[in-house]
(Lines give C-alpha, C1' and ligand atoms only; values in the text may rest on other atoms or scores of the structure.)
Protein backbone atom coordinates (compact mmCIF):
# COMPACT_ATOMS: atom_id res chain seq x y z
CA UNK A 1 0.00 0.00 0.00
CA UNK A 2 2.85 2.36 0.79
CA UNK A 3 4.23 1.92 -2.75
CA UNK A 4 0.91 2.92 -4.30
CA UNK A 5 0.64 6.01 -2.11
CA UNK A 6 4.22 6.89 -2.90
CA UNK A 7 3.59 6.60 -6.67
CA UNK A 8 0.45 8.71 -6.45
CA UNK A 9 2.43 11.41 -4.65
CA UNK A 10 5.14 11.21 -7.31
CA UNK A 11 2.60 11.70 -10.10
CA UNK A 12 0.83 14.51 -8.24
CA UNK A 13 4.07 16.49 -8.09
CA UNK A 14 5.08 16.09 -11.73
CA UNK A 15 5.71 19.19 -13.73
CA UNK A 16 4.17 18.82 -17.18
CA UNK A 17 4.92 21.05 -20.14
CA UNK A 18 1.45 21.85 -21.40
CA UNK A 19 1.16 24.06 -24.48
CA UNK A 20 -0.05 27.52 -23.58
CA UNK A 21 -1.98 28.13 -26.77
CA UNK A 22 -4.50 25.95 -28.50
CA UNK A 23 -3.75 25.56 -32.21
CA UNK A 24 -7.32 24.29 -32.60
CA UNK A 25 -8.75 27.65 -31.56
CA UNK A 26 -6.31 29.50 -33.79
CA UNK A 27 -7.20 27.40 -36.85
CA UNK A 28 -10.95 27.57 -36.16
CA UNK A 29 -10.89 31.36 -35.76
CA UNK A 30 -8.80 31.76 -38.91
CA UNK A 31 -11.18 29.56 -40.91
CA UNK A 32 -14.17 31.61 -39.75
CA UNK A 33 -12.54 34.97 -40.38
CA UNK A 34 -10.30 34.42 -43.42
CA UNK A 35 -11.18 31.02 -44.91
CA UNK A 36 -9.64 27.60 -45.14
CA UNK A 37 -6.63 28.60 -47.28
CA UNK A 38 -5.56 31.22 -44.75
CA UNK A 39 -5.96 28.68 -41.94
CA UNK A 40 -3.74 26.20 -43.79
CA UNK A 41 -1.07 28.88 -44.30
CA UNK A 42 -1.26 29.93 -40.66
CA UNK A 43 -0.93 26.33 -39.51
CA UNK A 44 2.03 25.69 -41.81
CA UNK A 45 3.77 28.85 -40.59
CA UNK A 46 3.28 27.96 -36.93
CA UNK A 47 4.37 24.38 -37.53
CA UNK A 48 7.48 25.47 -39.46
CA UNK A 49 8.43 27.83 -36.63
CA UNK A 50 8.24 24.86 -34.23
CA UNK A 51 6.39 27.05 -31.77
CA UNK A 52 6.34 24.92 -28.62
CA UNK A 53 3.56 27.00 -27.10
CA UNK A 54 1.09 25.33 -29.52
CA UNK A 55 -0.24 21.78 -29.39
CA UNK A 56 0.17 20.19 -32.85
CA UNK A 57 -1.06 16.73 -31.85
CA UNK A 58 -3.28 14.64 -34.09
CA UNK A 59 -6.04 14.87 -31.51
CA UNK A 60 -6.12 18.65 -31.98
CA UNK A 61 -6.61 18.26 -35.73
CA UNK A 62 -9.27 15.60 -35.20
CA UNK A 63 -11.11 17.87 -32.78
CA UNK A 64 -11.08 20.67 -35.34
CA UNK A 65 -12.50 18.31 -37.95
CA UNK A 66 -15.34 17.31 -35.65
CA UNK A 67 -16.08 20.93 -34.77
CA UNK A 68 -16.23 21.88 -38.44
CA UNK A 69 -18.40 18.87 -39.28
CA UNK A 70 -20.79 19.76 -36.47
CA UNK A 71 -21.00 23.36 -37.73
CA UNK A 72 -21.72 22.16 -41.28
CA UNK A 73 -24.46 19.80 -40.11
CA UNK A 74 -26.01 22.53 -37.97
CA UNK A 75 -25.97 24.97 -40.91
CA UNK A 76 -27.46 22.34 -43.25
CA UNK A 77 -30.31 21.73 -40.79
CA UNK A 78 -30.95 25.48 -40.54
CA UNK A 79 -31.10 25.77 -44.32
CA UNK A 80 -33.39 22.75 -44.60
CA UNK A 81 -35.82 24.03 -41.97
CA UNK A 82 -35.97 27.50 -43.54
CA UNK A 83 -36.88 26.20 -47.01
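Per-structure values
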{"quantity": "Test: residue 80 is assigned to a helix (DSSP H, G or I) and under 16 Å from residue 23 (Cα atoms)", "calculated": "no"}
{"quantity": "Members of the stretch 53-77 found to be part of a loop (DSSP other than H, G, I, E, B) and touching a strand residue (DSSP E or B) at 6+ places or on another chain (Cβ under 9 Å), listed by number", "calculated": "53, 55"}
{"quantity": "Subset of the stretch 66-75 [farther than 15 Å from residue 32 by Cβ and under 12 Å from the mean Cα position of the chain (by Cα)]", "calculated": "66"}
{"quantity": "Pick from the stretch 27-52, criterion surrounded by 10 or more Cβ atoms within 10 Å (Cβ to Cβ) and outside any helix (DSSP H, G or I), ranking: modelled with the lowest pLDDT", "calculated": "51"}
{"quantity": "Within the stretch 36-55, considering residues that are within 13 Å of residue 25 (Cβ to Cβ) and in contact (Cβ under 8 Å) with a residue 24 or more places away in the chain, the one farthest from the chain's Cα centre (by Cα)", "calculated": "53"}
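The values are calculated or read from the model by the stated rules, or taken from the named source; none is laboratory data. In this text, all values refer to a predicted model and were calculated from it rather than measured experimentally. Here Cβ is always computed from backbone atoms with ideal geometry, including for glycine, and neighbour counts include all displayed protein chains.
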